[in-house]
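Okay, structure first, notes after.
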Ligand SMILES: Cc1cc2nc3c(=O)[nH]c(=O)nc-3n(C[C@H](O)[C@H](O)[C@H](O)COP(=O)(O)OP(=O)(O)OC[C@H]3O[C@@H](n4cnc5c(N)ncnc54)[C@H](O)[C@@H]3O)c2cc1C
């Protein structure tokens with residue numbers, strides 16, 4: 001990854017976070033020529049956290065509450081993302097997905113999803129019966145499914161790298177290994193201390209994902225939420241099992257939970273992954289059970305929302321932990337969708353950690369959430385489908401920043 005140093009430490013806008021949302025925001029802001037923009041990334045390369053550890057799905061925009069930012073920006077962003085990939089030669093495929101009901105008790109929820117698809121303007125979503133399901137996915141079983149033709153797959157690391165290339169062409173500076181450490185106001189500007197030295201700026205945009213609440217606090221802003229990390233573990237189908245899945249197969253989601261449930265995803269490189277589950281992580285960068293960060297745990301314990309959330313979801317949480325530790329239990333769930341799958345068809349794959357904003361009242365924030373302060377825009381909840389929606393959410397954040405700049 002190229003690292004474009006700037007001859008000066010003085011900028012108009014500094015974007016904190018070189019994930020897909022920060023890069024897309026910088027891209028939107030750099031559409032106005034003549035601005036001095038810097039992207040600060042804490043790690044040694046871009047897309048090191050959520051952006052580089054996700055399912056690689058271009059979401060259709062099926063699930064989201066009509067009128068929500070998620071619904072609107074997913075639809076806009078999906079079209080823009082496909083156009084960007086075409087222009088940049090980044091491989092993607094609009095392969096469609098099945099949302100599969102595995103027992104008659106889920107048919108009502110499937111009906112509701114079909115209505116939501118229509119309310120969100122998705123055309124061509126089709127209801128399939130058992131025969132049609134088998135024609136599309138020969139090993140999948142269930143009384144009914146929705147076929148969503150708009151869903152696609154892509155590698156978001158390549159998309160992020162494409163955004164970074166465009167930023168370099170526009171003269172936007174990108175500093176890696178440059179975590180923001182402090183931010184103070186001085187003479188009408190913000191003075192930022194980073195691991196690579198001091199810079200000043202008129203405006204700061206915080207897109208720090210798993211660290212976004214901390215970055216807000218470091219800037220003297222009460223974020224009003226805490227980021228609680230939820231690990232999503234994946235398994236991959238072995239060579240013997242890969243024939244079991246042709247495209248994407250999702251369960252009918254539990255509307256009380258913000259995550260979509262373990263699904264089968266063919267990735268753009270041909271691998272098929274199963275996951276992600278949703279386990280409270282013991283560190284913000286807790287990609288494995290043994291990754292434990294006492295400071296992260298202490299802060300979680302101090303946040304009142306953590307305890308209220310645990311009180312509401314302890315049963316679901318324990319189930320997820322059980323399935324993470326006991327592979328046979330997870331296999332049982334997979335078999336409901338794909339009865340032919342066996343232990344030999346699976347091997348452990350990677351994991352991602354979701355940055356989930358939780359309020360003081362223990363509520364999980366569902367929609368994208370932005371908090372503003374003078375000279376600052378803080379993005380405090382950018383969960384899935386933020387990768388799909390990145391170009392649209394980047395424009396949306398940039399518009400908020402433009403208002404601050406008086407543009
Ligand atoms: C398991 C999983 C599966 C998902 N699947 C999908 C999917 O299939 N489709 C989809 O659309 N979305 C999906 N998502 C959601 C999507 O990946 C995220 O919404 C999106 O990547 C968020 O991007 P971001 O830039 O906000 O965060 P990130 O990618 O986490 O980027 C934040 C960046 O900020 C940096 N940073 C943190 N602190 C500092 C600091 N102090 N100074 C400088 N930099 C800092 C971090 O190092 C990081 O690079 C998934 C997410 C997960 C975790």
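Restricting to the range 83-95, name every residue that is within 11 Å of residue 154 (Cα to Cα) and surrounded by fewer than 18 Cβ atoms within 10 Å (Cβ to Cβ). Of everything in the range 83-95, those that are within 11 Å of residue 154 (Cα to Cα) and surrounded by fewer than 18 Cβ atoms within 10 Å (Cβ to Cβ) turn out to be 91, 93, 94, 95. Annotation: of all residues in the range 177-188 being more than 9 Å from the ligand (Cβ to nearest atom) and part of a loop (DSSP other than H, G, I, E, B), the one that is farthest from residue 213 (Cα to Cα) is 187.
Only residues that are assigned to a helix (DSSP H, G or I), touching a strand residue (DSSP E or B) at 6+ places or on another chain (Cβ under 9 Å) and under 23 Å from residue 229 (Cα atoms) were counted in the range 383-396, giving 1.
Note on the range 231-240: residues that are surrounded by fewer than 22 Cβ atoms within 10 Å (Cβ to Cβ) and in contact (Cβ under 8 Å) with a residue 60 or more places away in the chain amount to 4. Out of 220, 197, 286, 241, one residue alone is under 30 Å from residue 173 (Cα atoms) and assigned by TED's automatic domain parsing to the domain that holds residue 334. It is 286.
I'd like to check something: does the range 285-301 contain any residue that is within 14 Å of the ligand (Cβ to nearest atom), buried (at least 17 other Cβ atoms within 10 Å of the Cβ) and assigned to a strand (DSSP E or B)? Among the residues of the range 285-301, not one is within 14 Å of the ligand (Cβ to nearest atom), buried (at least 17 other Cβ atoms within 10 Å of the Cβ) and assigned to a strand (DSSP E or B), which makes the answer no. Annotation: of all residues in the range 383-400 being surrounded by fewer than 23 Cβ atoms within 10 Å (Cβ to Cβ) and farther than 24 Å from residue 352 by Cα, the one that is nearest to the ligand (Cβ to nearest atom) is 396.
Rundown of residues vs (1) within 17 Å of residue 19 (Cα to Cα); (2) outside the structural domain of residue 12 (by TED's automatic domain parsing), yes/no style:
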| residue | (1), (2) |
| --- | --- |
| 322 | no, yes |
| 330 | no, yes |
| 334 | no, yes |
| 351 | yes, yes |
| 368 | yes, no |
| 372 | no, no |
| 384 | yes, no |
| 392 | yes, no |
| 399 | no, no |
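Scanning the range 337-355 for residues that are surrounded by fewer than 16 Cβ atoms within 10 Å (Cβ to Cβ) and within 16 Å of the ligand (Cβ to nearest atom) turns up just one, 348.
Scanning the range 189-230 for residues that are outside any strand (DSSP E or B), more than 10 Å from the ligand (Cβ to nearest atom), buried (at least 22 other Cβ atoms within 10 Å of the Cβ) and within 21 Å of the chain's Cα centre (by Cα) yields 213, 216.
Whether a residue is within 14 Å of the ligand (Cβ to nearest atom) and closer than 25 Å to residue 21 by Cα was assessed, and residue 358 does not pass this test. Collect the residues in the range 249-261 that are at pLDDT 85 or above and part of a loop (DSSP other than H, G, I, E, B), keeping them in residue-number order. Across the range 249-261, the qualifying residues are 252, 253.
The values are calculated or read from the model by the stated rules, or taken from the named source; none is laboratory data. All values derive from a computational prediction rather than experimental measurement. Positions of Cβ are backbone-derived with ideal geometry, glycine not excepted, and every protein chain shown enters the neighbour counts.
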